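Novice: Here it is, the structure in full.
The values are calculated or read from the model by the stated rules, or taken from the named source; none is laboratory data. These figures come from a predicted structure and were not determined experimentally. Positions of Cβ are backbone-derived with ideal geometry, glycine not excepted, and every protein chain shown enters the neighbour counts.
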């Protein structure tokens, strides 16, 4: 996916009030950008490091700029815009890049489902598919632990745990359910669940896998010019025993 609108280089200063970030552009101007990330952005807030932002021509926006890519404390690039992974995964499915998600003729996004009033990121279906619908929940991964390791989540996520429960319920109803980790980090070769950050999420993940929720992780190539899914990663070592 070519980066549209274009990304512009800057120097990261700080993130504050969760959704605001200050950067300095190449002309030395301080800009306040929208920071589209609800996580902690742990290891992704390095003062003085290179970053990139996009600009919107929407006159209704309070902040026309959006923070897109930052540099982690380990020197890797991280895509922190959580609106992008869904588009990346949809594009990969539509171009048959992901073998496990081929053969579906219908793709819908943000469909309401479940008893806990959720919206599934991607819902796949096909008249000829014997396993029924396929529910795909996409998670953006930016927690760089160094030595090629990425982890999720970067903060306690009750919402993420809810999504796992919803996926388990879909499996119980006879559908496929997939948790898809979109790893927007360079230099990564594996992903693990951060049980030390959110043990409840880790335990729920173990339960979900035990009942048939599928877990996939793909690394994205990341540059100021283009972001796209590239290759699958090994994932999820060291999960706790599920309490079923």
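Novice: Given (1) touching a residue at least 40 places away in the same chain (Cβ under 8 Å); (2) farther than 19 Å from residue 185 by Cα; (3) more than 21 Å from the chain's Cα centre (by Cα), where does residue 20 come up short, assuming only one miss?
Specialist: Only one criterion in (1) touching a residue at least 40 places away in the same chain (Cβ under 8 Å); (2) farther than 19 Å from residue 185 by Cα; (3) more than 21 Å from the chain's Cα centre (by Cα) is unmet by residue 20, namely (3).
Novice: Looking at the stretch 107-129, is at least one residue touching a strand residue (DSSP E or B) at 6+ places or on another chain (Cβ under 9 Å), buried (at least 17 other Cβ atoms within 10 Å of the Cβ), assigned to a loop (DSSP other than H, G, I, E, B) and on the phi < 0 side of the Ramachandran plot?
Specialist: The answer is no; no qualifying residue exists.
Novice: Just one of 70, 89, 24, 13 is surrounded by fewer than 16 Cβ atoms within 10 Å (Cβ to Cβ) and modelled with pLDDT of 95 or more; which is it? Let's see the steps before the verdict.
Specialist: Working: 70 fails: surrounded by fewer than 16 Cβ atoms within 10 Å (Cβ to Cβ); 89 fails: surrounded by fewer than 16 Cβ atoms within 10 Å (Cβ to Cβ); 13 fails: surrounded by fewer than 16 Cβ atoms within 10 Å (Cβ to Cβ).
Of 70, 89, 24, 13, the one residue that is surrounded by fewer than 16 Cβ atoms within 10 Å (Cβ to Cβ) and modelled with pLDDT of 95 or more is 24.
Novice: Identify the residue in the stretch 69-93 that is in a loop (DSSP other than H, G, I, E, B) and within 13 Å of the chain's Cα centre (by Cα) and, among all such residues, is nearest to residue 107 (Cα to Cα).
Specialist: The extreme case among them is 83.
Novice: Go through the stretch 166-184 and give me each residue that's buried (at least 16 other Cβ atoms within 10 Å of the Cβ) and assigned to a helix (DSSP H, G or I). Steps first, please.
Specialist: Pass one, the stretch 166-184, residues buried (at least 16 other Cβ atoms within 10 Å of the Cβ): 166-171, 175-184.
The answer is 166, 167, 168, 169, 170, 171.
Novice: For the stretch 23-45, what are the residues that are touching a residue at least 40 places away in the same chain (Cβ under 8 Å) and farther than 12 Å from residue 63 by Cα? Step through it out loud before you land on a result.
Specialist: Let us first name the residues in the stretch 23-45 that are touching a residue at least 40 places away in the same chain (Cβ under 8 Å), namely 23, 35-44.
If the condition is that a residue be touching a residue at least 40 places away in the same chain (Cβ under 8 Å) and farther than 12 Å from residue 63 by Cα, then 23, 37, 38, 39, 40, 41, 42, 43, 44 are the ones that fit.
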